[in-house]
Amino acid sequence: MTTLPPDLLRLRTLETYLQLLLDEVRRAIAHAEQREAERQHGIQTRPPAPDWLLEPGLNRSAPPVQVHVGGCWNAGKRSKGISRDAALRALADGVKACGACRPDNELGFIDG
């Protein structure tokens, strides 16, 4: 047994409603596909992570706090990517090496 109404007028009304609902679902699908395509594009075009990080002090005049290997879990959110030479220079200038990722070992830096 069907639960659809028997008369033509209500069937046409139901058909119109379902067509509008289907159009709305298709727009939502298109919007979701667009968001996913943008997300994938962002992932594919993301620049590579830096090899070395410099964690700045708490204010602009404070000296840097630590040098990290790129991707270190212990690096602060404000850390900036730096070159190998800049990392070596920072360590030579007395900036502390992170105890978790040990950039001094990775760089072959010997304190002296």
Considering only strands (runs of 3 or more DSSP E) fully contained in segment 47-112, which possess at least 2 residues that are of a type outside the set (D, E) and open to solvent by less than 40 Å² (accessible area, probe 1.4 Å)? 52-55, 66-69
Which residues, taken from segment 50-67, are of a type in the set (V, I, T) and either farther than 17 Å from A100 by Cα or in contact (Cβ under 8 Å) with a residue 60 or more places away in the chain (or both)? none
Verdict on W73 being touching a Pro at 6+ places or on another chain (Cβ under 7 Å) and in contact (Cβ under 8 Å) with a residue 24 or more places away in the chain: no
Filter result (at pLDDT 95 or above and open to solvent by 90 Å² or more (accessible area, probe 1.4 Å)) within segment 1-17: L8, L9, R10, R12, E15, Y17
Charged (D, E, K, R) and under 30 Å from L107 (Cβ atoms), is that true of D23? no
Any residue in segment 43-52 that is modelled with pLDDT under 95 and acidic (D, E)? yes
Out of the residues in segment 55-76 that are farther than 16 Å from N105 by Cα and among the aliphatic types (A, V, I, L, M), which is farthest from the chain's Cα centre (by Cα)? A62
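The values are calculated or read from the model by the stated rules, or taken from the named source; none is laboratory data. Computed from a predicted model, the values in this text were never measured in an experiment. Don't worry about glycine lacking a Cβ; one is built from the backbone with ideal geometry, like all the others, and counts go over all protein chains shown. For the accessible areas, the whole protein counts, side chains as well, though only heavy atoms, and no ligand, DNA or RNA atoms are used. Shrake-Rupley method; radii C 1.70, N 1.55, O 1.52, S 1.80 Å.
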